[in-house]
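Student: Handing you a structure now.
The values are calculated or read from the model by the stated rules, or taken from the named source; none is laboratory data. In this text, all values refer to a predicted model and were calculated from it rather than measured experimentally. Please note: Cβ atoms are built from the backbone with ideal geometry, for glycine as well, and neighbour counts cover all protein chains shown. Accessible surface areas use protein heavy atoms only, side chains included; no ligands, DNA or RNA. Shrake-Rupley method; radii C 1.70, N 1.55, O 1.52, S 1.80 Å.
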Amino acid sequence: MSATKVLVLNGPNLSRLDLREKSYYGDISYSDIETICLVGAKEFGFEVEIKQSNDESELIGWLHGAADSKTPVIFNPAAFTHYSYAIRDAVVMLKAPCIEVHLSNPLSREEFRHTSVISGVVQGSIAGFGLDSYRLAFAAMSKLVK
Ligand code: DQA
């Protein structure tokens, strides 16, 4: 039987992590996210597709595609986490599990990051473990979909 595919979606500014606050993101680069996702997918027996966009409408289009194909999603919505009801509404339409991930712990940062409009409509959230947040999401996903 072929492996279940997981779609990993990454929101705005994650493509430029190496230029962002070192105190939150250390020396992580976007290609490190891609690598940990390939490693996590292999470890837990998934096929994986990894995408990043700075554009809300593009992310919503990918979520619609995942809903139509019943694909599980690991999602770092980045700053959209905190205010995008349009993305939240698209997540609600997913048919397979969705796990929210963050590299940093938004609850230990500025107050506007303490709200996630996404957390209430996903299976669970993993935050604050750096790159390992993604690996932990694959571990959690394997329990949810296998
Ligand atoms: C982030 C946390 C968000 O608050 C922030 O806007 C990001 C990255 C994280 O992975 O820690 O861009 O989602």
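Student: Please give the FRET efficiency for E110 paired with T35, using the beta carbon to beta carbon distance and R0 = 41 Å, rounded to the nearest 0.05.
Tutor: That pair, E110 with T35, gives E of 0.90.
Student: In a solvent-free Debye calculation with one equal scatterer on each Cα, what is log10 I(q)/I(0) for the chain at q = 0.14 Å⁻¹, listed in the order of the q values?
Tutor: Scattering profile of the chain, log10 relative to I(0): -0.59.
Student: List the relative contact order of the chain as a percent without decimals, with contacts defined as Cα pairs under 8 Å and 6+ residues apart.
Tutor: Reported relative contact order: 27 percent.
Student: For region 34-84, what is the convex hull volume of its Cα atoms per residue in Å³?
Tutor: Here the figure is 88 Å³ per residue.
Student: Pick from L131, L19, L59: which is most flexible by mean-square fluctuation in a GNM of the chain where alpha carbon atoms under 10 Å apart are linked?
Tutor: L19
Student: Once every DSSP H run of n ≥ 4 in the chain is given -39500 (n - 2.57) and the sum is divided by its residues, what mean residue ellipticity at 222 nm do you get, rounded to the nearest 500 deg cm²/dmol? Intermediate results must be reported in sequence, preceding the final value.
Tutor: Working: 5 runs with 54 residues, N = 146.
Result for the chain: -11000 deg cm²/dmol, rounded to the nearest 500.
Student: Would you kindly state how much longer the chain becomes between A79 and N13 on full extension, computed as 0.36 nm times their sequence separation minus their alpha carbon distance, in nm to one decimal? Show your work: numbers first, answer last.
Tutor: Working: separation 66, 0.36 × 66 = 23.76 nm, distance 0.85 nm.
Contour length minus Cα-Cα distance gives 22.9 nm.
Student: Follow-up question, since we're still on this one. For V101, which sequence-distant residues (separation of 5 or more, or a different chain) have an amide H within less than 5 Å of its own amide H, given hydrogens modelled in the peptide plane?
Tutor: Residues meeting the criterion, in which the H sits 1.01 Å from N, are F75, N76, I126.
Student: Please report the accessible area of R113 (heavy atoms, 1.4 Å probe, ligands and nucleic acids excluded) in Å², nearest 10.
Tutor: 40
Student: Could you give the length gained by full extension between E21 and S119, i.e. 0.36 nm per residue of separation minus their alpha carbon distance, to one decimal place? Walk me through the numbers on the way to the answer.
Tutor: Working: separation 98, 0.36 × 98 = 35.28 nm, distance 2.38 nm.
Difference between extended and current length: 32.9 nm.
Student: OK, next. Can you tell me the accessible area per residue over the chain, all protein chains present, probe 1.4 angstrom, in square angstrom?
Tutor: 49
Student: Students often forget the sequence filter, so: which lysines lie under 28 Å Cα-Cα from K42 once same-chain residues fewer than 8 apart are removed?
Tutor: Once the sequence-local lysines are set aside, what remains near K42 is K5, K51, K70, K95, K143, K146.
Student: With a 1.4 Å probe and all protein chains kept in place, how do S23, S31 rank by accessible area, largest first?
Tutor: Final ranking, largest accessible area leading: S23, S31.
Student: Here is a follow-up. Could you work out how far apart the two model spin labels at V145 and E58 are, taking each label as a point 7 Å from the Cα in the direction of the beta carbon, and quote it in nm?
Tutor: Between V145 and E58, the label points sit 2.2 nm apart.
Student: Probe 1.4 Å, all protein chains in place: accessible area of T35 in Å², nearest 10?
Tutor: Approximately 80 Å² of T35 is accessible to the 1.4 Å probe.
Student: Diagonalise the Cα gyration tensor of region 50-122 and give the resulting equivalent ellipsoid semi-axes, square root of 5 times each eigenvalue, largest first, whole Å.
Tutor: Working: eigenvalues 87, 29, 24 Å².
Working through the eigenvalues yields semi-axes of 21, 12, 11 Å.
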